[in-house]
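> Sharing a structure with you now.
Values quoted throughout were computed directly from the atomic coordinates according to the rules given, and no laboratory measurement underlies them. The structure displayed is predicted, hence computed values, not measured ones. Note: ideal-geometry Cβ built from the backbone for every residue, glycine included; neighbour counts use all protein chains shown.
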Amino acid sequence: MPKTRRNAAALLLGVAVGAALLSGCGSDITPRAVAEPASEKAPDAPKPTTPKRTPTPKADEPVFTAEVGDCVSLTGSDTAPVIALAPCGTPAAGFKVVATVAKHDECAADIDQWYASTRGGVETSALCMDVDWVVGQCYSTAGDVIGKIDCAAVTPGDVRLLRIISGSDDPAECGAGQGFAYTVRKTVVCAERL
């Protein structure tokens, strides 16, 4: 909203400057009302008015619901996401729901992904999600999203999940493996680079 505040401040400043300029100008002309000259043409008869039609509101998309612990596939784009339930641990399950909240900004700061349902452009609910981590599963870390891959088809940079440590935010606890910490929720994911 900072942009809105700046625009409102600029408008207020413009009004104040305009008022100052007008108040600084003097005039010895006294305003008075002047009658309009008579017209030779008769005034037009009032036109019949037709009621204005308002566009039919677009139907809201159905709200997607999932429970904490459910897994989902999330495809599409940022502006047109496609979400569906998927069995946890399967290749289709990209994310696991870790919390449900009223608005996405109520999710923990260290989540991997969120999905919001809206009505009329206003968020009505949101799912807070992490990667569907499965011990022994291989993951591609290329690109923006971590995704499950077949362990027989790994490429350099891919990882295999070794373990998940709850109650810690220290990646060093993974030992020789590589660790990723969810610092807000005190969980460390340990993996080995393949």
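> If contacts are Cα pairs under 8 angstrom and at least 6 residues apart, what is the relative contact order of the stretch 62-132 in percent?
Relative contact order of the stretch 62-132: 30 percent.
> If neighbour count is taken as other Cβ atoms inside 10 Å, put Asp130, Asp78, Asp170 in order from fewest to most. Kindly include the intermediate steps, with their values, before the conclusion.
On the way: Asp130 20, Asp78 5, Asp170 12.
Taking fewest neighbouring Cβ atoms as first place, the list is Asp78, Asp170, Asp130.
> In whole Hz and in residue order, list the ³J(HN,Hα) couplings for the stretch 184-189 that follow from phi through the Karplus curve 6.51 cos²θ - 1.76 cosθ + 1.60, θ = phi - 60°; x for Gly and Pro.
Karplus values, whole Hz, x for Gly and Pro: 6, 9, 6, 9, 10, 9.
> Tell me, what is the FRET efficiency for Ile164 and Val101 to the nearest 0.05, using R0 = 25 angstrom and their Cβ-Cβ distance as r?
Computed FRET efficiency for Ile164 and Val101 comes out at 0.65.
> Can you give me the relative contact order of the stretch 134-194 as a percent, contacts being Cα pairs under 8 Å and 6 or more apart?
Computed value for the stretch 134-194: 32 percent relative contact order.
> Which ³J(HN,Hα) values in Hz, rounded to whole numbers, follow from the phi angles of the stretch 71-80 under the Karplus curve 6.51 cos²θ - 1.76 cosθ + 1.60, where θ = phi - 60° and Gly and Pro get x?
10, 9, 9, 10, 10, x, 10, 4, 8, 9
> Could you tell me whether the stretch 101-194 comes out rounded, prolate or oblate from its Cα gyration tensor? Rule is a ≥ b ≥ c as square roots of the eigenvalues, rounded for a/c under 1.5, then prolate if a/b exceeds b/c, otherwise oblate.
In terms of gyration-tensor shape, oblate.
> Please report, for the Cα atoms of the stretch 62-132, the Rg to one decimal and the Dmax as a whole number; what are they, in angstrom?
Taking only Cα atoms of the stretch 62-132, I get Rg and Dmax of 11.3, 34 Å.
> Which ordering of Lys186, Lys148, Lys96 is given by a fewest-first count of other beta-carbon atoms within 10 Å?
On the way: Lys186 14, Lys148 20, Lys96 23.
In order of increasing Cβ crowding within 10 Å: Lys186, Lys148, Lys96.
> Under the rule of at least 5 residues apart or a separate chain, name every residue whose amide H is placed under 5 Å from the amide H of Val145.
none
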